[in-house]
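One structure is given here, and the rest of the page talks about it.
The values are calculated or read from the model by the stated rules, or taken from the named source; none is laboratory data. This structure is a prediction, so every number in the text was calculated from the model and none was measured. We place every Cβ from the backbone using ideal geometry, glycine too, and count neighbours over all the protein chains shown. All accessible areas refer to the heavy atoms of the entire protein, side chains included, with ligands and DNA or RNA removed. Shrake-Rupley method; radii C 1.70, N 1.55, O 1.52, S 1.80 Å.
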Amino acid sequence: KNQVEQSPQSLIILEGKNCTLQCNYTVSPFSNLRWYKQDTGRGPVSLTIMTFSENTKSNGRYTATLDADTKQSSLHITASQLSDSASYICVVGGSGGSYIPTFGRGTSLIVHP
Amino acid sequence: DGGITQSPKYLFRKEGQNVTLSCEQNLNHDAMYWYRQDPGQGLRLIYYSQIVNDFQKGDIAEGYSVSREKKESFPLTVTSAQKNPTAFYLCASSILSSGSYNEQFFGPGTRLTVL
């Protein structure tokens, strides 16, 4: 069964600090992996996409990594801001006919001033 | 101004009532999806559609129904058979390419509360 596990479930950090969120998956065959940011009470928005051949991708202060061998991804947030407070969701897509992705439960990040 | 919209933002339902949540997109996407989100849980797929007049059940379709009469519209009806409908409902759309997952664009959501 395809699964996506995220850790930690929640995280509280001080403004200006860095943090790293983890995502482990068992989706096979693998197509790509996306990180979404979901503000409270709103729909998720895509931050980055990682394909099989990519190891690192940055989007401003967000940097995603992918290790396809160990089936792990991380999202690193640098110099956190109050606006980073949100849920971060890891979503993995399979290949070979299915375009329905598998969602993780998300990591809830709270940034305190 | 392209995007995906949902209405209403908040919806209250009495037990035994059917209610319909609206989802409209002007992104010219073929695929549309409905998800349910409960606190502490990930998004769970209710229904999805690849083409007009065709749709498939997701993981938690019981108590829900959909229609896809137009490419732009994918309304979701929460029926009285859904025993625990209080949740945050998200609609999404994406392009469709064979055998891969494409970025989903999400609407702002509808929060449904049963009184």
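Can you say whether residue B:38 is touching a residue at least 40 places away in the same chain (Cβ under 8 Å) and not hydroxyl-bearing (Ser, Thr, Tyr), as far as the supplied structure shows? Steps first, please.
Numbers: touching a residue at least 40 places away in the same chain (Cβ under 8 Å): yes; not hydroxyl-bearing (Ser, Thr, Tyr): yes.
Yes.
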Open item on the list: For residue A:48, only one of the following conditions fails: (1) crowded, with 16+ Cβ neighbours inside 10 Å; (2) more than 9 Å from chain B (Cβ to nearest Cβ); (3) in contact (Cβ under 8 Å) with a residue 40 or more places away in the chain. What is its number?
Closed with: (3)
Task: Failed condition for residue A:53, given (1) touching a strand residue (DSSP E or B) at 6+ places or on another chain (Cβ under 6 Å); (2) modelled with pLDDT under 95; (3) surrounded by fewer than 21 Cβ atoms within 10 Å (Cβ to Cβ) - done: (1)
- [ ] Report yes if some residue within the stretch A:8-28 is in a strand (DSSP E or B), in contact (Cβ under 8 Å) with a residue 40 or more places away in the chain and small (Gly, Ala, Ser); otherwise report no.
- [x] yes
Open item on the list: Tell me which strands (runs of 3 or more DSSP E) are completely within the stretch B:47-108 and hold 3 or more residues being at pLDDT 90 or above and surrounded by 14 or more Cβ atoms within 10 Å (Cβ to Cβ), or say none if there are none.
Closed with: B:64-66, B:76-78, B:87-94
Open item on the list: Among the numbered criteria (1) free of Cβ contacts under 8 Å to residues at least 40 places away in the same chain; (2) open to solvent by 10 Å² or more (accessible area, probe 1.4 Å), which one does residue A:64 miss?
Closed with: (2)
TODO: Have a look at A:95, A:87, A:7 and point out the one that is open to solvent by less than 60 Å² (accessible area, probe 1.4 Å), over 13 Å from the mean Cα position of the chain (by Cα) and either within 14 Å of chain B (Cβ to nearest Cβ) or farther than 18 Å from residue B:101 by Cβ (or both).
DONE: A:95
Task: Total residues in the stretch B:58-69, condition away from chain A (no Cβ under 14 Å) and touching a strand residue (DSSP E or B) at 6+ places or on another chain (Cβ under 9 Å) - done: 6
- [ ] Identify the single condition in (1) part of a strand (DSSP E or B); (2) open to solvent by 70 Å² or more (accessible area, probe 1.4 Å); (3) closer than 29 Å to residue B:96 by Cβ; (4) in contact (Cβ under 8 Å) with a residue 40 or more places away in the chain that residue A:105 does not satisfy, given that it satisfies every other one.
- [x] (1)
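Would you say residue A:17 is farther than 23 Å from residue B:31 by Cβ and of a type in the set (Lys, Arg)? Lay out the reasoning, then the answer.
Numbers: farther than 23 Å from residue B:31 by Cβ: yes; of a type in the set (Lys, Arg): yes.
So residue A:17 passes the test.
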- [ ] Go through the stretch A:1-39 residue by residue and tally those that are closer than 23 Å to residue A:84 by Cβ and of a type in the set (S, T, N, Q).
- [x] 9
Open item on the list: Restricting to the stretch B:74-95, and then to whatever is over 10 Å from the mean Cα position of the chain (by Cα) and of a type in the set (Ser, Thr, Tyr), can you tell me which residue is nearest to the other protein chains (Cβ to nearest Cβ)?
Closed with: B:94
TODO: Select from the stretch B:96-115 the residues that are more than 7 Å from chain A (Cβ to nearest Cβ) and closer than 22 Å to residue B:22 by Cβ and list them in ascending order.
DONE: B:104, B:105, B:110, B:111, B:112, B:113, B:114, B:115
TODO: Check residue A:36 against each of (1) in contact (Cβ under 8 Å) with a residue 24 or more places away in the chain; (2) open to solvent by 10 Å² or more (accessible area, probe 1.4 Å); (3) under 30 Å from residue B:110 (Cβ atoms); (4) within 14 Å of chain B (Cβ to nearest Cβ) and name the one condition it does not meet.
DONE: (2)
- [ ] Would you mind telling me which numbered condition in (1) facing another protein chain (nearest Cβ under 10 Å); (2) surrounded by 13 or more Cβ atoms within 10 Å (Cβ to Cβ); (3) in contact (Cβ under 8 Å) with a residue 12 or more places away in the chain residue A:42 fails?
- [x] (3)
